[in-house]
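Reading through the structure tokens given below for one structure.
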Amino acid sequence: MKTPVKTMLALIVLLAAFLTVPSPAGAVRGGKLIALTFDDGPGKPTEGLLDGLRERGIRATFFMLGNCAESYPNTVARAYREGHQIANHSWSHANLITLTGREVTEEFRRTNAVLTKNSGGAGDFFARVPYGNVNDTVRSAVEMPIIGWTIDPLDWKYRNAETVRQNIVSAAFDGAIILVHDIHPTSVDGALRAVDDLTAAGYEFVTVRELFRRRGIELQNGVVYRSAPPNGNDPGPIGPPVLSESIVNGKLTVTLSAEKGTEIWCTLDGSDPILNGWKYTAPFEAWAGITVRAAAAVSRNGSKSGEISVTLSNPRAEPPVMAVKNGQLILESAAPELYYTTDGSPADRNGIRYEGPVDLEPGTVIRACASGAQYLDSEETRGWFSGRGRFFRDVDPGDWFAEAVDAVVGARWLQGTGNDCFSPATTLFRGQLVTILYRMAGKPELTETVSFPDVSEMDYFRDAAQWAVSNGIAACGGDGSFIPGGTVTRETLAGMLYRYFVLEGTVPDRADAVRFKDEDEIDPAFREAVDAVRSMGILIGDTEGYFKPKSMLTRSETAVILNRLLSR
């Protein structure tokens, strides 16, 4: 609620300002600018107001009371997210000229904190003092530009939408600031009707910050501003950033540009650049398929451009297919250019251009990529030509299990899974385990035939399953099935290894050993086996002294255990 006498005087003066000849609406340089502001909220009617402003593509300025902003945090956040300017109307709507300077400062400081928190990041606030009452104490204590108004439709008094509309439209002029209260439904209704009328009459609605920016007025703290008349020097609205793409050394590089004096805010994850963005400072590498969202701003709170959203589509080359045959590197790709390195450095266009098969030294790590003038560099293809002359796509010499894998594959106890892969993280299955033990035994001739309902003549583990069951190393299920896909735990591995050693006659005397901290979790049926393999130093606990008997074994763990057998 404002001072009635002052407001009526202002209206009498402004009644002489007639609407000019209608001109095309829209954001143009040199057009008629007008700022719509709302006081005393947010409140229940504010959400409907925001709906109406969004439908019309209009941005307004909300001078919010701190105690109301605290009660409606989602409304504050929405207003900021949708591009409206968030501003400060004190905490409690007190008559500030009756307060001390410290009390005035606290009214606005407390409100600023709530507005920033509930909006998700708004800052750089303007102030409006309740009732328009200002004295020297208030000017020095506010520490922000103070925004008054030139059009007051007395919406708080009349509570009639049509009256509000008429009072706004009849008093409108270029550079005016309109005061309305978004705590009254009639005020919201009347303001939106006036927006429609004035838009049709060629007015462009802007935030208060934009009004003064486009009129070239630099606002000072503690100074009261009530309007921004045209001065013939309108730079126009802030244009959205311009995005350009280029391929630099096989990398997609994004460059953003915008008007001088603005900052560019952008995101690559699809989120709002004003709320969640980072400030653009230099061209950056990107990749096909991501969406760049960006907006330019003098201030993200009330003075920003429209947003651009660009999904990058430059094609990325398919990674090359890598193979090693007879000690030579072979690379294949549909892309015209292939590059590789053998010194551990990343593969890109700075690497060695592939022209044909390359002789490799054992122990070499190969990294390769595909590229070309019209392509982005592909993702890397990596491989390891091991010290024993075997090629792995998914084992690196730095892996804790690398040497063990190389050794047991060389012994032909545990083979790869195809396509030069070892699949170190894959779980070990019963069919694989009996095959390993069968190979360790030298693939002895079968002395009897055992059939299983879940093992066919085509299965690679058929002979191994028959051998293991015939010799008591593995047991069948209740229905005679072998269950080749059953997982192997640490204690079941101990059981099969122990029975294998019994068959071979190589079970050592069990020596006293440090007990496992989880000894009680070992199934009694496996205790003797666990003690035996522990005494042999083949199956040991972890660094903290746990055996983890129920843990399933991976192929990498199995390789390390088998390598201990090899070393014996």
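The values are calculated or read from the model by the stated rules, or taken from the named source; none is laboratory data. Keep in mind that what you see is a predicted model, and the values were worked out from it rather than measured. All Cβ positions, glycine included, derive from the backbone under ideal geometry; neighbour counts span all protein chains shown. All accessible areas refer to the heavy atoms of the entire protein, side chains included, with ligands and DNA or RNA removed. Shrake-Rupley method; radii C 1.70, N 1.55, O 1.52, S 1.80 Å.
Within region 539-556, if we keep just the residues that are in contact with a helix residue (DSSP H, G or I) (Cβ under 9 Å, 6 or more places away or on another chain) and open to solvent by less than 30 Å² (accessible area, probe 1.4 Å), the residue that is nearest to residue 491 (Cα to Cα) turns out to be 549.
Contact map, region 473-499: first residue in contact (Cβ under 8 Å) with a residue 60 or more places away in the chain and open to solvent by 20 Å² or more (accessible area, probe 1.4 Å), second residue outside any helix (DSSP H, G or I) and among the aromatic types (Phe, Trp, Tyr), Cβ cut-off under 8 Å, separation 6 or more or different chains; pairs are 487/429; 490/547.
Total residues in region 263-289 satisfying the condition of being touching a Ser or Thr at 6+ places or on another chain (Cβ under 7 Å) and aliphatic (A, V, I, L, M): the figure is 1. The helices (runs of 4 or more DSSP H) falling completely within region 460-564 that include 2 or more residues that are within 49 Å of the chain's Cα centre (by Cα) and at pLDDT below 90 map to 527-535.
Table: residues versus (1) of a type in the set (A, V, I, L, M, F, W, C); (2) crowded, with 16+ Cβ neighbours inside 10 Å.
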| residue | (1), (2) |
| --- | --- |
| 382 | no, yes |
| 396 | no, no |
| 407 | yes, yes |
| 410 | no, no |
| 419 | no, no |
| 424 | no, yes |
| 437 | yes, yes |
| 440 | yes, yes |
| 463 | no, yes |
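Of everything in region 164-175 that's open to solvent by less than 40 Å² (accessible area, probe 1.4 Å) and over 47 Å from the mean Cα position of the chain (by Cα), which residue is farthest from residue 32 (Cα to Cα)? Per the stated criteria, the residue is 167.
Within region 264-321, the set of residues being at pLDDT 95 or above, open to solvent by less than 70 Å² (accessible area, probe 1.4 Å) and basic (Lys, Arg) comprises just one member, 293.
The residue pairs whose first member lies in region 345-370 and is modelled with pLDDT of 95 or more, whose second member is exposed (fewer than 15 other Cβ atoms within 10 Å of the Cβ) and hydroxyl-bearing (Ser, Thr, Tyr), and whose beta carbons are closer than 9 Å, counting only pairs six or more residues apart or on different chains, are 367/345.
Please go through region 74-113 and give me each residue that is more than 22 Å from residue 180 (Cα to Cα), in a helix (DSSP H, G or I) and aliphatic (A, V, I, L, M), ordered by number. Those that are more than 22 Å from residue 180 (Cα to Cα), in a helix (DSSP H, G or I) and aliphatic (A, V, I, L, M): 97, 104, 113. Assessment of region 192-211 against the conditions (touching a His at 6+ places or on another chain (Cβ under 7 Å), open to solvent by 10 Å² or more (accessible area, probe 1.4 Å) and closer than 30 Å to residue 105 by Cα) yields no matching residue. When region 244-258 is filtered for residues that are closer than 25 Å to residue 84 by Cα and buried (at least 16 other Cβ atoms within 10 Å of the Cβ), the ones remaining, listed by number, are 256, 258.
Do you know which residues across region 149-181 are part of a loop (DSSP other than H, G, I, E, B) and in contact with a strand residue (DSSP E or B) (Cβ under 9 Å, 6 or more places away or on another chain)? 149, 150, 152, 153, 172, 173, 174, 175, listed by residue number. Flag: residue 275 matches the condition of being closer than 21 Å to residue 58 by Cα, in contact with a Gly (Cβ under 6 Å, 6 or more places away or on another chain) and part of a helix (DSSP H, G or I). Applying a threshold of 6 Å to beta carbon distances and a minimum spacing of six or more residues, or different chains, the list of pairs starting in region 209-220 at a residue that is in contact (Cβ under 8 Å) with a residue 12 or more places away in the chain and closer than 14 Å to residue 31 by Cα and ending at one that is open to solvent by less than 10 Å² (accessible area, probe 1.4 Å) and not small (Gly, Ala, Ser) reads 211/33.
Out of all the residues in region 56-66, is one or more in a loop (DSSP other than H, G, I, E, B), at pLDDT below 95 and touching a helix residue (DSSP H, G or I) at 6+ places or on another chain (Cβ under 8 Å)? Looking for residues that are in a loop (DSSP other than H, G, I, E, B), at pLDDT below 95 and touching a helix residue (DSSP H, G or I) at 6+ places or on another chain (Cβ under 8 Å), one finds none in region 56-66, hence no. Before we move on, is residue 158 of a type in the set (Ser, Thr, Tyr) and open to solvent by less than 40 Å² (accessible area, probe 1.4 Å)? Taking the combined requirement at face value, the residue does not satisfy it. Selection of region 200-214 for residues being within 13 Å of residue 303 (Cα to Cα) and either touching a Cys at 6+ places or on another chain (Cβ under 6 Å) or assigned to a loop (DSSP other than H, G, I, E, B) (or both) yields only 207. Being at pLDDT below 95, among the hydrophobic types (A, V, I, L, M, F, W, C) and under 30 Å from the mean Cα position of the chain (by Cα), is that true of even one residue in region 108-115? Looking for residues that are at pLDDT below 95, among the hydrophobic types (A, V, I, L, M, F, W, C) and under 30 Å from the mean Cα position of the chain (by Cα), one finds none in region 108-115, hence no. Which members of region 325-350 meet the condition of being farther than 23 Å from residue 402 by Cβ and either small (Gly, Ala, Ser) or surrounded by 13 or more Cβ atoms within 10 Å (Cβ to Cβ) (or both)? Within region 325-350, 333, 334, 335, 337, 338, 339, 348, 349 qualify. Inspection of region 226-234 identifies no residue that is open to solvent by 40 Å² or more (accessible area, probe 1.4 Å) and within 15 Å of residue 304 (Cβ to Cβ).
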